[in-house]
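Reading through the structure tokens given below for one structure.
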């Protein structure tokens, strides 16, 4: 039995054992500094306000954006699960409003050197998140590194955060181009949804979407939806400095209200579009099947 078949058997066993499936949202960006982690955190808070159980996986390995922005210090991280035998519940840190998060830690610079035992440990353990959360938000690193591509190719729903800055638009296009050219990318099975961040005035986000979508449709033949815009907001900046999500610190701030609308839109789309939840077992089976195919 080869490694690929072993992995498929692991996933089938988890699928039988884990009945519920979480909705997995992968948040990404073409460059750093556009507000990707802020988006992940505030959407998580808004989903919690709707009564849903949420866990964030900080997949920006080597950095610690989520824990810094939450003002929380995790006792354990993903490295401890893989190498130290910790259980999935042990590595989940409680953030504000009961949002759980898993720190990627600095011990995993890449997924490429993991052994089959490591892979089995991750898949089996993270599959348990399907019974612990209704929504799992994957906060990827920025840019088009191999690790980021592995997560995006495995994703059923990708939230692309971009800003009106020319470099952000260009880098967003570069990311989508790299994704569309990936041999494992399944266009029909992937929904890409753009969020315009740091817009100066109402309507700028829609214009930004139109500009990017025109070239994406023409040259990449990749469908992309528009989720909404988040305005440039001094209240959000102040909340970040206080290591608090603006959706909690100032829930009526323009940016917080924008995140609320985007979260509600996502919740409504799941109902109206009948989005199939893949769950974490399926998600990570895709991640590691990509690695084994390379």
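The values are calculated or read from the model by the stated rules, or taken from the named source; none is laboratory data. Please read these numbers as outputs of a predicted model, since none were measured by experiment. Positions of Cβ are generated from backbone atoms using ideal geometry, with glycine treated the same way; all protein chains shown enter the neighbour counts.
Scanning the range 143-179 for residues that are in contact (Cβ under 8 Å) with a residue 40 or more places away in the chain, over 15 Å from residue 195 (Cα atoms) and in a loop (DSSP other than H, G, I, E, B) gives 143, 144, 154, 155, 156. Per the listing 192, 169, the residue uniquely buried (at least 20 other Cβ atoms within 10 Å of the Cβ), on the phi < 0 side of the Ramachandran plot and either touching a strand residue (DSSP E or B) at 6+ places or on another chain (Cβ under 8 Å) or at pLDDT 95 or above (or both) is 192. The numbered conditions (1) in contact with a helix residue (DSSP H, G or I) (Cβ under 8 Å, 6 or more places away or on another chain); (2) surrounded by fewer than 20 Cβ atoms within 10 Å (Cβ to Cβ) are all true for residue 84 except (1).
Inside the range 215-233, residues that are in contact with a helix residue (DSSP H, G or I) (Cβ under 7 Å, 6 or more places away or on another chain) and surrounded by fewer than 16 Cβ atoms within 10 Å (Cβ to Cβ) make up a count of 1.
A single member of 82, 108, 66 is in a loop (DSSP other than H, G, I, E, B), under 24 Å from residue 145 (Cα atoms) and at pLDDT below 90, and it is 108. Just one of (1) under 17 Å from residue 126 (Cα atoms); (2) not in a helix (DSSP H, G or I) fails for residue 33. It is (1). Can you tell me which residue in the range 45-63 is surrounded by the fewest Cβ atoms within 10 Å (Cβ to Cβ), limited to those that are within 28 Å of residue 120 (Cβ to Cβ) and at pLDDT 85 or above? My answer is 53.
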